[in-house]
Amino acid sequence: MGPRRSSSRGGAGHALVLGAGISGLCAARALSGFFERVTVVERDTFPEPSDVRRGVPQGAHVHSLTPGGAQVLAELFPGLVEELAADGGTLAGALDELDIVFFGSRLRQVPLGRVLQVSRPFLEDRLRERVRALPGVTLRSGLEATAPIVTGPLAAGPARVGGARVGPARLARPGDPDSAEAVHADLVVDAMGRAGRGATWLRSLGYRAPATARLAVDVAYASRRYRVAPGALGRAKGVLIGATTTRPRGGVLTQQEHDAWVLSLYGFGKDDHPPAAPERFLDFAADLLPAGTLTALRNAEPITGVSSFAYPASLRRDFHRLRRLPDGLISTGDALCSLNPIYGAGMTVAALEARALRRCLAAGPAGLPRRFYREAARAVRLPWLFSTMADRAMPQVPGTHPAVAGLLATAFRATMRAAADDTRVATAVWNAVSLTGSPAELAAPRVMAAVLRHWSPGTTPRTAPPRGKD
Ligand SMILES: Cc1cc2nc3c(=O)[nH]c(=O)nc-3n(C[C@H](O)[C@H](O)[C@H](O)COP(=O)(O)OP(=O)(O)OC[C@H]3O[C@@H](n4cnc5c(N)ncnc54)[C@H](O)[C@@H]3O)c2cc1C
């Protein structure tokens, strides 16, 4: 039995989603209505809202949702953005309440709508509630997927993945493989994150693993949450200072739900990784944040310790290029493409892939994996291109010819200088990074002309200190 709409109540068959992160929850939403039953299996047990959980340690760090991502989430979960805002999330005026400095220049503060700022655990908690309420959807936690179940002949013929074996999560010691239960399903969705079990499973079934594009960025994060005295940070609800070629460090300070603020600091390369020691944490930000902002943070009440996260490389698995794929298995989210988090596009891409899955399901079950991967590759293309181009401009990221890296850096610098002066360029840049507009806006003649006016190869970048309450 496969996915099909059989009545107004929903479809037929059973879909199994492995992993209840953002991509798993969005996929479950896309599947409900096309399958009679959807089971989501998650290795973690769910904590209290606002707790960072073991399977998603990145939840301690800033998780910006792009306006483009918010639009797609709102399509999948109508009313979600309003609900999150009403329940304590921060809505920040973009760009007038955000102070954004990329490649050394501040983005002109043109009013272009509002962005939702919430923590990852808060967002995930609300998504989980929504998914649990969907008809036919069951969430099972504390269970780990260990292997695919195959129906039909193996590599020699048209094998089909018909479910997965799941067992008690191995928390401290290896699980007992005999205790694994066979969960049969017509479609299995690997949403288990960047470790890439779906790709490994393909190999174990005799298929080729997908070619993987990898860009070693060696970025590390450190983050801490604060309660800041009202008014101490002026009217800004977010400050984002990107790295430059000569100062490969950046930071994001964001007001989130219930007036908590999170500061995430990051750096490219070992020498610029932020410290995990609480007493040295803010020192790292001394040449990033304006003095007033730094003072406000030094006087603020820390509400967590400092969490660290190492992100070695962006990677993209090109499932869409595989000539042979089994039916019944797809990978989505970070399992498909994991982007350098400093560009804040991972959740947006996960939501876009869920939307693509929904479209593919609506067109019927035949050849679903191949059709899905083709659409997902389209969703991934631009965010991958933007993030890897920006990373390749950094001399700290190996593998790019210095002349190319220099050219990219000059282009980003010139664009951002133009975006500091020119409303149209600022709008085009914001629409590109927020994944709301077409990147063709950046190639519009007036935008290009403004960028060319600021083009000065080889000059040292201006590293404008961000505006703030000094
Ligand atoms: C430091 C950092 C900061 C980030 N900041 C941003 C940001 O600002 N904006 C943004 O959009 N994105 C950001 N991201 C990226 C974002 O976290 C992911 O792209 C997004 O959450 C999609 O991931 P996912 O759901 O596919 O995987 P994950 O979030 O990794 O979830 C995978 C889930 O699968 C579960 N799981 C794993 N193995 C098994 C198994 N065998 N059986 C059952 N369950 C299993 C895990 O417990 C987990 O719940 C950031 C990432 C990092 C590392």
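The values are calculated or read from the model by the stated rules, or taken from the named source; none is laboratory data. What you see is a predicted model; the values in this text were computed from it and never measured. Backbone-built Cβ (ideal geometry, glycine too); neighbour counts: all protein chains shown. For the accessible areas, the whole protein counts, side chains as well, though only heavy atoms, and no ligand, DNA or RNA atoms are used. Shrake-Rupley method; radii C 1.70, N 1.55, O 1.52, S 1.80 Å.
Among H184, L368, C337, whose Cα projects farthest towards the positive end of the dipole of the chain, with charges put on the beta-carbon of Lys, Arg (+1) and Asp, Glu (-1)?
Highest projection toward the positive end goes to L368.
Excluding G21 itself, what net charge comes from residues whose Cβ is under 11 Å from its Cβ, given Lys and Arg +1 and Asp and Glu -1? Walk me through the numbers before you get to the answer.
Numbers: positive: R43, R53, R120, R128, R194; negative: E42, D44, E124, D334.
Neighbour charge sum, excluding G21 itself: +1.
Counting DSSP beta bridges with both partners in the chain, what percentage is antiparallel, nearest 5? Mind dumping the intermediate values first?
Values: 54 of 77 bridges.
Antiparallel bridges: around 70 percent, rounded to the nearest 5.
About the Cα centre, and with charges only on the beta carbon of Lys, Arg (+1) and Asp, Glu (-1), how big is the dipole of the chain? Nearest 20 debye, please.
On the way: 58 positive and 40 negative charges, 279 e Å.
Dipole about the Cα centre, nearest 20: 1340 debye.
Equivalent ellipsoid semi-axes for the chain, as square roots of 5 times the alpha carbon gyration tensor eigenvalues: give them largest first, rounded to whole Å. If you can, show how the numbers build up before the last one.
On the way: eigenvalues 298, 122, 91 Å².
Here the semi-axes work out to 39, 25, 21 Å.
If you roll a 1.4 Å probe over the chain with all protein chains in place, what percent of the accessible area is carbon or sulfur? Working shown, then result.
Details: 10580 of 19710 Å².
With neighbouring chains kept in place, the figure for the chain is 54 percent.
Give the separation of the Cα centroids, the range 380-396 to the range 207-251, in Å.
For the range 380-396 versus the range 207-251, the Cα centre distance is 14 Å.
Send over the per residue convex hull volume for the range 335-415, Cα only, as a whole number of Å³. Don't skip to the end; give the middle numbers.
Working: hull volume 8.7 nm³, N = 81.
Here the figure is 108 Å³ per residue.
Using alpha carbons only, how many degrees (0 to 90, rounded to 10) separate the axis of helix 120-132 from the longest principal axis of the chain?
Between helix and principal axis, roughly 30 degrees.
In square angstrom, what is the accessible area per residue of the chain with a 1.4 angstrom probe? Each step should come with its number before you reach the end.
Working: 19710 Å² over 470 residues.
Value for the chain: 42 Å² per residue.
As a check on your grasp of the helix formula, calculate [θ] at 222 nm for the chain: sum -39500 (n - 2.57) over DSSP H runs of n ≥ 4, divide by the residue count, round to the nearest 500. Spell out each step's value before the answer.
Numbers: 12 runs with 145 residues, N = 470.
When only DSSP H runs of four or more count, the value is -9500 deg cm²/dmol.
How large is Rg/Rh for the range 188-311, to two decimals, with Cα atoms and a Kirkwood Rh?
Details: Rg = 18.7 Å, Rh = 16.7 Å.
My calculation puts Rg/Rh at 1.12.
Using only the Cα atoms of the range 1-154, what do you get for the radius of gyration and for Dmax, in Å?
Radius of gyration, then largest Cα-Cα span, for the range 1-154: 18.5, 60 Å.
What would the Debye equation give as log₁₀ I(q)/I(0) for the range 19-95 at q = 0.18, 0.21, 0.27 Å⁻¹, counting only Cα atoms as equal point scatterers?
-0.97, -1.24, -1.39
Tell me which of L31, L143, P275 sits at the most positive position along the dipole axis of the chain, charges placed on C-beta atoms (Lys, Arg +1; Asp, Glu -1).
So the residue furthest toward the plus end is L31.
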